[in-house]
Amino acid sequence: MQKYDLFNGKVNNMLHGADYNPDQWLHRPDILEKDIKLMKKANCNVMSLGIFAWSALEPEEGNFQFEWLDQIIENLYQNGINIMLATPSGARPDWLAAKYPEVLRVNTDRTKDLFGERHNHCYTSPAYREKIKIINRKLAERYGDHPAVIMWHISNEYGGECHCDLCQADFRSWLKDKYGDLETLNQAWWSNFWSHTYSDWDNIESPAPQGMQSNHGLALDWKRFVSEQTIDFYKSEIEPLREITPELPITTNFMYRFDGLDYSKFAKEVDVVSWDSYPSWHSDQESDIERAADVAFMHDYFRSLKDGKPFLLMESTPSKTNWQPVAKLKRPGMHRLSSLQAVAHGSDSVQYFQWRKSRGGFEKFHGSVVDHVGHEDTRVFNDVKALGSDLQKLEELTGTSVEAEVAVIFDTENRWAINEASGPRQKKKNYVETCVQHYQTFWEEGISADVIDQSKDFSKYKIVVAPMLYMLKDGTSERLKNFVKNGGTVVSTYWSGIVNETDLCFEGGFPGQLKDLFGIWAEELDVLYDADQNTVSFKNKNGLKLSGQYKAEIFCDLIHLDGAESLAEYGSDFYASRSALTVNNFGHGRAFYIASRNEQKFKRDFYQALIEELDLNRVIEIEFPSGVTAQKRSAGEKDYIFLMNFNNQVVEIKLNKKYYSLLKEKDITGKLRLENYGVEVLKS
Ligand code: GLA
Ligand code: ZN
């Protein structure tokens, strides 16, 4: 496996730092001076600068004030701190909104925003595009070749949609490009249903609560358009940067489970993927172990967006957020563990929002490296400082990555379509959660997994798990079949192979073109009330050597065998003894179909059986207690194994050989003690 270079040779250590907003403190030179001292004490080597600094940089239209930024950049540089320089488009100055009201977004109900908030501009507006290009050009000209600047941080957490006239017009021309004529569009959207046939392009409007909400083809295309328009806006933002600083890599920070943008498309346009992770640890909604699996899934998703290239943890909180319903403090150990968890999955940085707590404003109670008390003698500061020293010990891991034999398909357009669909249940479709649950056993077993969309190449994997693959895009079924023909294993579930890309149901039975792959036909889908249950029991002598009974909930697909073999059956209701799990031999491989949503224990036993049969590589061949797992990064001959304990208690592990502990900086062998939320990084 190759080693990646994220920064064109400019830095080659793990990055550790924060969003730095000195523009809030320009009236306090004493604070600015102290910041630099504290950054060094905290072992920070990078700051993301200027993210919301537009009004400080351009207080009036055309009046640019860069002197303060010159000073900050120079101070950071003199003190060995790298800079990710942000473009300021995440929030706008008031004059921009007052003079060019077109920059203000129109909401889905067609009300127009007033000035305020952030992340809420029209991405079509020529005025917004022009103004941001002007300031971005100036930033690039002034700082593009500054030795401290290692990367562009574009805007902040792009998202949201605008329904203004400019956006409607662009949407219509986007549709014209896609469909050519209205007849094709009407057919693709099945719009003659309820007499919604469009007779004029100008009659097409984006979805609205007081207008069209029921045309799923329209809704999906609108989401695609919003996503592409945002990417187009981003591309126009970076035009001057690419021109003036072609060597400087570019990133923009993506978000947890955000479904407003198709990140699989966006990722193609950035040089490095980065994301902001704010898990609610220690919550009363789920265990830390479940939460950790969910975060691991997201890390693997963001790494897989660029086929394994390391990503950056652009933001996390050093203590807590101010926006979660209840934001508990991270228990001792959790800061280190959750930060190194990101590194374990392929992050080359740990960064925070934000460096210093604001005195006022919406986020004044959000955790920061430097608290309102203003000195370094705090638990959080010391955690951060210790983590910085850990990261220094992991320098040789930068550029290494994760190799996976397992892929879980988690597909944005499929997610949109599932959420848009009316029926078969309105709630608890839970596509994302389901993907995470199917991933979880691999994570628990210390087996690396990629999380990919359905357009990715499957050929490098041994197993592809595709839960709820409701929307089959053109070409997916062929590629899945080829993968299985050549010896791959595919697992899918109920509610797969239902619609095409414009949400038209497949004719001839479900799961559409996948019927022969799975050797089944799904006739009806029963949905259960929350409190209802069915059961699924393994048949005697099923090929997986599994036995026992499991709970089935929410979805029960009623399938017919058409070549497949039944491995398990429903226990009750009018479909008792009908197949609930099947396997079909297809070419050199096999395709499994799980007909119902079964309890997690089913998934664990089922995937463990597959792990054994397929002889999937665990990153370390040792037994873990529950809540302990492992991940591996590699390059060349070198392997780095992360052992992570998500239990709030001490565990002991028996190592299988001698390792070098990078964190302890010594050889270790035999019994290894992991503290509460403890973590160890081993080199073999
Ligand atoms: C997001 C934003 C930051 C900040 C944090 C707070 O990730 O990018 O500006 O608001 O949330 O958690
Ligand atoms: Zn608009």
Exercise for the section: Please go through segment 313-371 and write out the chymotrypsin sites (Phe, Trp or Tyr not before Pro) that DSSP classes as loop and that have at most 12 other C-beta atoms within 10 Å. Expected result: TRP323, PHE362
Exercise for the section: Please report, to one decimal in angstroms, the Kirkwood hydrodynamic radius of segment 1-98 built from all distinct Cα-Cα pairs. Expected result: 14.9 Å
Exercise for the section: Decide, for segment 406-614, between rounded, prolate and oblate: order the square roots of the alpha carbon gyration tensor eigenvalues as a ≥ b ≥ c, take rounded if a/c falls under 1.5, and otherwise choose prolate if a/b is larger than b/c, else oblate. Expected result: rounded
Completion exercise
In segment 349-410, the trypsin sites (Lys or Arg not before Pro) that sit in a DSSP loop and have at most 12 other Cβ atoms within 10 Å of their own Cβ are ARG359, LYS364
Practice task
With +1 on each Lys and Arg Cβ and -1 on each Asp and Glu Cβ, and nothing else charged, work out how big the dipole of the chain is about its Cα centre, in Debye to the nearest 20.
Solution key: 1940 debye
Practice task
Assuming R0 = 22 Å, can you tell me the calculated FRET efficiency for the pair ASP177 and PHE115, based on Cβ-Cβ distance, to the nearest 0.05?
Solution key: 0.05
Problem - Residue-averaged 222 nm ellipticity for the chain, from DSSP H runs of 4+ at -39500 (n - 2.57), nearest 500 - result: -9500 deg cm²/dmol
Exercise for the section: Over the alpha-carbon set of segment 102-217, divide Rg by the Kirkwood Rh and report the Rg/Rh ratio to two decimals. Expected result: 1.11
Practice task
Could you look at segment 628-683 and say what percent of its accessible area is carbon and sulfur, using a 1.4 Å probe and all protein chains?
Solution key: 41 percent
Handout entry: Difference of contour (0.36 nm per residue) and Cα-Cα distance, ASP70 to GLU395
Key = 114.0 nm
Practice task
Hey, can you find the accessible area per residue of the chain for me, probe 1.4 Å, expressed in square angstrom?
Solution key: 39 Å²
Problem - Portion, in percent, of the accessible area of segment 1-152 that falls on carbon or sulfur, probe 1.4 Å - result: 49 percent
Completion exercise
The Cα extents of segment 381-432 along the principal axes, largest first and rounded to whole Å, are 52, 33, 14
Practice task
Keeping the other protein chains in place, figure out the carbon and sulfur percent of the accessible area of segment 406-614, with a 1.4 Å probe.
Solution key: 44 percent
Practice task
Could you list the residues of segment 330-349 with an amide nitrogen less than 19 Å from a label point located 7 Å from the Cα of ASP5 in the Cα-to-C-beta direction?
Solution key: 348-349
Handout entry: Additional length obtainable on full extension of the chain from HIS588 to LYS541, 0.36 nm per residue less Cα span
Key = 14.7 nm
Problem - Nearest-0.05 FRET efficiency for SER459 and ASP271, computed from C-beta distance (R0 30 Å) - result: 0.70
Exercise for the section: Take the Cα radius of gyration of the chain and divide it by 2.2 N^0.38 Å, with N its residue count; two decimals is plenty. Expected result: 1.00
Handout entry: GLN187 paired with THR378, simple spin-label distance in nm, labels 7 Å along Cα-to-beta-carbon
Key = 6.3 nm
Problem - For segment 33-164, the Rg and Dmax computed from alpha carbons only, in angstrom - result: 16.4, 51
Practice task
Report the FRET efficiency, 1/(1 + (r/R0)^6), for ASP30 and ASP530, where r is their Cβ-Cβ distance and R0 is 51 Å, rounded to 0.05.
Solution key: 0.30
Handout entry: Two-site label geometry, LEU561 and TRP194: point separation in nm, points 7 Å out along Cα→Cβ
Key = 4.3 nm
Completion exercise
Filtering chymotrypsin sites (Phe, Trp or Tyr not before Pro) in segment 489-583 by DSSP loop and by at most 16 other Cβ atoms within 10 Å leaves TYR529, PHE574
Exercise for the section: Under 12 Å Cα to Cα from LYS223, which aspartates and glutamates show up? Leave out anything in the same chain fewer than 8 places away. Expected result: GLU161, ASP259, ASP262, GLU413, GLU420
Problem - Computed label-point distance, nm, for sites LEU655 and GLU363 using a 7 Å Cα→Cβ extension - result: 4.0 nm
Exercise for the section: Please work out the Cα convex hull volume for segment 628-683 and give it in Å³ per residue. Expected result: 72 Å³
Problem - 3J(HN,Hα) from dihedral phi, segment 158-164, Karplus parametrisation 6.51/-1.76/1.60, rounded to Hz, x for glycine, proline - result: 3, x, x, 9, 10, 10, 6
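The values are calculated or read from the model by the stated rules, or taken from the named source; none is laboratory data. Keep in mind that this is a model prediction, so the values were computed, not measured. All Cβ positions, glycine included, derive from the backbone under ideal geometry; neighbour counts span all protein chains shown. Just so you know, the surface numbers come from the protein's heavy atoms only, side chains and all, with ligands and any DNA or RNA stripped out. Shrake-Rupley method; radii C 1.70, N 1.55, O 1.52, S 1.80 Å.
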